[in-house]
Every structure is written in C-alpha cells, then in structure tokens.
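Asker: Sharing a structure below in structure tokens format, with a few things to ask.
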Amino acid sequence: MKSSRLKELIRRYQSGKASPAERYIVDRWLESFQQDDGNGAGVEETGYLTSFQQTVLDRAFATGKPSVKHRPHWARWAAAALLLSVVSMSLWFYTQQSGAGGAQVPEGITQTVSTGIRQVKRLMLPDSTIVFLNANTSLEVAADFGTHERVVKLVGEAYFEVQRDTLKPFKVQTDGLEVKVLGTLFNVNAYQTLDDIQVAVNAGKVQVSDQNQVLALLHAEEGLTYNRQTASFQRSQLSSTKASSWREGVSVLAEASFAMLAQVLHNYYGIELLSTDNKVRSTAYNFTVRSTRTLEQTMVQLCEMLTKKYRKEGNRIIIY
C-alpha cells in the first residue's frame, strides 16, 4: 500500500472525518505505544491521551523544519508501511467482529437484531437511520416501521443517528422510558440488569417520557438518568462522546455503580462480576475499560484501585 493512503487515514482522524472503523484502528495503534506491562498501573486521563495522540501524529507527519536527531527517510516510511499492513488486518478483524460494515434491516417484517458478548453491530433502518448496538443488546423493528411513525424497542445499549423526518417522529421504547426525536444523534443505555436508564444527546433535541409524563427536553451535551424503581430522574451536563465511546472499544465509567461496572465487564469479557464487600459494592467507579486489555490486566488495575483482591471461579470473578 502507498504512503499516501496512510497519510489520508491520519488526516481523516485528525479532522474528525474518520469512520468508526478507521478511528478504532488508529486509536488501537496509538494505544499500543503506551500499553503497560500488565501490572495495571497508570490509567491514562482523556486530556493526556489527546496530547499524546497529537504528539505522535505531529512527529510521524511533521512538515516543518526537521529536528537535529531524526530517523532516516527509509526507516520512517518502513514503519509507515508496517502500520499500513497492521491497519489493513485490524480493519478486517474489526469489521468481521463488530459488524462495522453494517446490515440493512428489511421493510415489511418485524425483525429483532441481537448482539452477543464482545460484539458491536452497525445497522441501517429502512429510513436510512444508522444504529450501533452494543454487546448483549437487542433491537426490535416492527413491520410497520415508517408507515405512520418510526418506533423501535430496545433492550441494552444503542447509539442512534436518526434521519430527520418531521412527519414521522422516531421513538425508542425501553422498559420504563420512551425517547422521541425528529432527527438527532443520541445514546440510550437500558440494560435490564440495571436500575437506571441513561440517555445522552450528541446533537439535536430529544424528548424523554415515562409512562405518565414528559420528563425533559434534552439538548446536545445533556443527559438524563432515570431510576426504574423510584421513577425519579436527574438531568446532567456530560460529554456525549464518552457515553458512546463503546462503539470504538472504550467504555468510560464516571461515578458508575457496581452494577454498571459488572455489565460493562460482562460485555467485554463475558464474565459475571460479584462481591459481598460493602466497599466494593458502594464505590462510585471512575474507570475506563478497553477492548485492547485482557481480563487479567483489567482486573489487576481495578483491584489495585480498590486495594482488594480477586479470584476466578469458572465464569465468575469475585472481588474480596
């Protein structure tokens, strides 16, 4: 492959025009420079990672005056050629595993699309709306979708890029909430294992209702957390990109419950996370889970943060 293709990939990444698959590949490559030795020490903060990424990109494709110490021209592009081959193989792997290439949901029949452990799927609905399904998620699309309105039923987590249609509102129904939009970008987390349903808006406006009333009209960079048990809700300002970063193999937990942590680890590794320790179960977790890390690396890092230990019993992980 030619070096021009590599440059174009990097330029698309820097300008924010890269596809989810392309961002996934470049992010994994950048992370490979800073992976620890498996002891779990040192979680990168977002600000540092952004700075690190820019530094790597600047050094790899600097157009200004060269520094005194530099690699030979042939070595620089030999490394670039190696990256291209890795990108090609990784892109194929990502597409095969996550369904990044997308699948068209047919019209006229009721269809339920599901994902399993460590699987993300990209769908195109009959109205050209794009939906990303997180792991362990199901989405039901009715046969009459788009006839009078556009309604889907969600169990799990999904990110929606809704095509605007003022005559046919788009509705996402979950167990407890309904999210109504005309055309926008937003994320809904509604796993049945969790008491809370979370809605995060990237762009546009989203109306959130329960069975009795309209709860809120959310705008970009706003979110809502609804508790199914108490029917209470709380609005918040947030980084919507973090809420949907799972599409690229990174789940950023902020003040998350133990149940949310357990769901995320189940999505990535297929394990059941358990603990009878009150500290472990009551901690509000600020933690990042990455698909590039092994289960062992993640658990060592998590337990170091908690000053706890863990043991594995079959498919269960117990923190004590």
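Where a number appears in this text, it was derived from the coordinates with a stated rule and is not lab data. The model shown is predicted, which means the values in this text are computed figures rather than measured ones. All Cβ positions, even for glycine, are placed from backbone atoms using ideal geometry, and neighbour counts span all protein chains on display.
Asker: Any of K17/K168; K180/K242; K171/K279 with alpha carbons more than 32 Å apart? Name them for me.
Answerer: Details: K17/K168 29 Å; K180/K242 22 Å; K171/K279 39 Å.
K171/K279, as the Cα separations exceed 32 Å there.
Asker: Between S236 and D175, what is the label-to-label distance in nm when each label sits 7 Å out along the Cα-to-Cβ direction?
Answerer: Output for this residue pair reads 2.2 nm.
Asker: Determine the sum of side-chain charges near D127: Lys and Arg each +1, Asp and Glu each -1, restricted to other residues whose C-beta is under 12 angstrom from that of D127. Display every interim value, and only then the final one.
Answerer: Values: positive: R150, R164, K168; negative: E107, E149, E161, D165.
Taking every other residue near D127 into account, the sum is -1.
Asker: Let me ask something else about it. With label points built 7 Å along Cα→Cβ from the Cα atoms of D127 and E313, find their separation and express it in nm.
Answerer: 4.8 nm
Asker: The stretch 184-320: D in µm²/s via Stokes-Einstein (Kirkwood Rh, Cα pairs, 25 °C, 0.890 mPa s)? Please report the intermediate quantities before stating the final value.
Answerer: Working: Rh = 16.1 Å.
D, rounded to a whole number, is 153 µm²/s.
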